[in-house]
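Since the structure comes first, as structure tokens, the remarks are kept for the end.
The values are calculated or read from the model by the stated rules, or taken from the named source; none is laboratory data. Owing to the predicted nature of the structure, the values given are computational and were not obtained by experimental measurement. Using ideal geometry, Cβ is built from the backbone for each residue, glycine included, and neighbour counts are taken over all protein chains shown.
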Amino acid sequence: MNNLNKLKQSLGIMQHHDAITGTCKQHVVNDYTRILSSALTLAEHTAKMALQKLTSLKTGQFVSCLQLNISICEFTQNRPNNLLVTVYNPLTRATKQYVRIPVPRGYYMVKDFKGNAVKSQLVPLPEELIALKYLRPNLTQYDLVFEAEVEKLGHYHIKSTNGDFESQNVSVDSEMKEL
Amino acid sequence: SKEPQGEMVGNSLVKLFFDNNGFLWKVEMNGVSANVSQKFLFYEATKEGDKQTSGAYISAPLIQGANIRSFKIDLKIYDGPLVKEIHQHFNNWTSQVIRIYEGVSRVEFEWLIGPIPVGDRLGKEVVTVFSSDIRNQYVFHTDSNGREMINRKRNIMKEIPGNYYPITGRIVLEDDKKRMTLLNDRAQGGSCLGDGTLELMLHRRLLHDDSRGLGEPLNDTTVARGKIYMILNSADNDTATEERLIQQELHLPVWLFFSRSFLNVN
């Protein structure tokens, strides 16, 4: 609860219109970012402790990549194999959402918690995003896309494979057409 | 009046039509077809020394409005069973991925802007404008903190910024047949400055302090990346409720945790 209180406090600070509109000096904006990101990291630790209660893993073995929105995830950038993706749904109703996981080029097999194969597709990242080397120093140039159907907490298994598996279970490459 | 030649990208629910210059010109979804085009423009900030410069607090674009910067764009289309993506390259600091997912009746526009060039010593405020053939007669709707919708009327104020309102969740226009909704992923300024058009301000880089107390220019040298979601619907059914649920989903996406897999996970 201590960690979550830190997050509550930082969100309290973010109520100030300067944090929302950016009407403050640059170093103040940087400090808002610092406050929020350190509180998020603490809250992330609490979430991992909760997951640890449900599994036999240690907290350190869970990773949550907070920069998925720019396709950065240290955990998946090196050909993820035997990967478990735990999906938490913050809504108060079941949801179906497409998730995107940064991966190197390759073939992957996604299975849901019943062991059923889930359709997945490999999509290249935009060249303009890859070009921002100072922003995305990591390897991945593709997103693995699949649809997650989650009540409250769900999980999916991702296995790296070598393409000659039964084709409908392996991730599909996107066909590119240039105009 | 003649339909432009070009590409169609579609799935079971949504069809997008692009002309030969790579611009979007028509969208079909939810049984509705509308001419919808999209552009990236920027407003040039007024120069220092003028009555009021643009800055952190103030947007004071030159009266004549936004400059058009792109006439032909490079297009790459990535096709697949789950998601179809159209990668558009407008110039070396403006690009976008338009995305449609199978089974989802909305269009995702993921824009990437910056660093905004200021070699011409002019600050710029970058906007994207969606133009449609929907005759909304000066009326459009913006949300209030993601809750109730407020009716807005265009041209109550003469200047461009006077017609801008806070868009924290969505901005909508409709006529008696069609309704176009834009949902954004962060609080932005937005407006409807022409009949059938919706505009959102995406990124700003300004070179002068606007003398409103901050004491420094909003000289944002970085890149900004975000998403706008478009839903085209008929005006008659109760789409506002559906939009509100989608808005919640977009603002509260699922949270992923990664770990090694292990035995008896269930």
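Can you work out which of the residues in the stretch B:82-98 that are without any contact (Cβ under 8 Å) to a residue 24 or more places away in the chain and more than 25 Å from B:LEU13 (Cβ to Cβ) is nearest to the other protein chains (Cβ to nearest Cβ)?
Only one residue tops the list, namely B:SER95.
Matching residues to (1) of a type in the set (A, V, I, L, M, F, W, C); (2) touching a Phe, Trp or Tyr at 6+ places or on another chain (Cβ under 6 Å); (3) within 7 Å of another protein chain (Cβ to nearest Cβ):
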{"residue": "A:LEU57", "(1), (2), (3)": "yes, no, yes"}
{"residue": "A:GLU74", "(1), (2), (3)": "no, no, no"}
{"residue": "A:ARG79", "(1), (2), (3)": "no, no, no"}
{"residue": "A:GLN97", "(1), (2), (3)": "no, no, yes"}
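Among B:ASP74, B:ASP79, which is the only one that is in contact with a strand residue (DSSP E or B) (Cβ under 6 Å, 6 or more places away or on another chain), at pLDDT below 90, facing another protein chain (nearest Cβ under 9 Å) and more than 30 Å from B:ARG135 (Cα to Cα)?
After ruling out the rest, the residue left standing is B:ASP74.
Out of all the residues in the stretch A:31-74, which are touching a residue at least 60 places away in the same chain (Cβ under 8 Å) and basic (Lys, Arg)?
none
Confirm whether B:VAL9 is modelled with pLDDT of 85 or more, β-branched (Val, Ile, Thr) and under 27 Å from B:ASN136 (Cα atoms). Talk me through it step by step, then tell me what you get.
Details: modelled with pLDDT of 85 or more: yes; β-branched (Val, Ile, Thr): yes; under 27 Å from B:ASN136 (Cα atoms): no.
Considered against the rule, which asks whether it is modelled with pLDDT of 85 or more, β-branched (Val, Ile, Thr) and under 27 Å from B:ASN136 (Cα atoms), B:VAL9 comes out as no.
Can you tell me which of (1) under 19 Å from B:GLY114 (Cβ atoms); (2) under 18 Å from the mean Cα position of the chain (by Cα) is the one B:LEU232 doesn't meet?
The single condition B:LEU232 does not satisfy is (1).
Any chance you could count how many residues in the stretch A:47-60 are over 25 Å from A:ARG136 (Cβ atoms), at pLDDT 80 or above and in a helix (DSSP H, G or I)?
Looking only at that region, the number is 6.
For (1) surrounded by fewer than 14 Cβ atoms within 10 Å (Cβ to Cβ); (2) of a type in the set (Phe, Trp, Tyr), each residue gets a yes or a no:
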| site | (1), (2) |
| --- | --- |
| A:SER10 | no, no |
| A:MET14 | no, no |
| A:TYR32 | no, yes |
| A:SER37 | yes, no |
| A:LEU40 | no, no |
| A:THR55 | no, no |
| A:GLY60 | yes, no |
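Identify, by number, the condition in (1) more than 25 Å from B:GLU28 (Cβ to Cβ); (2) more than 15 Å from the chain's Cα centre (by Cα); (3) among the hydroxyl-bearing types (Ser, Thr, Tyr) that B:THR142 doesn't meet.
Every condition holds for B:THR142 apart from (2).
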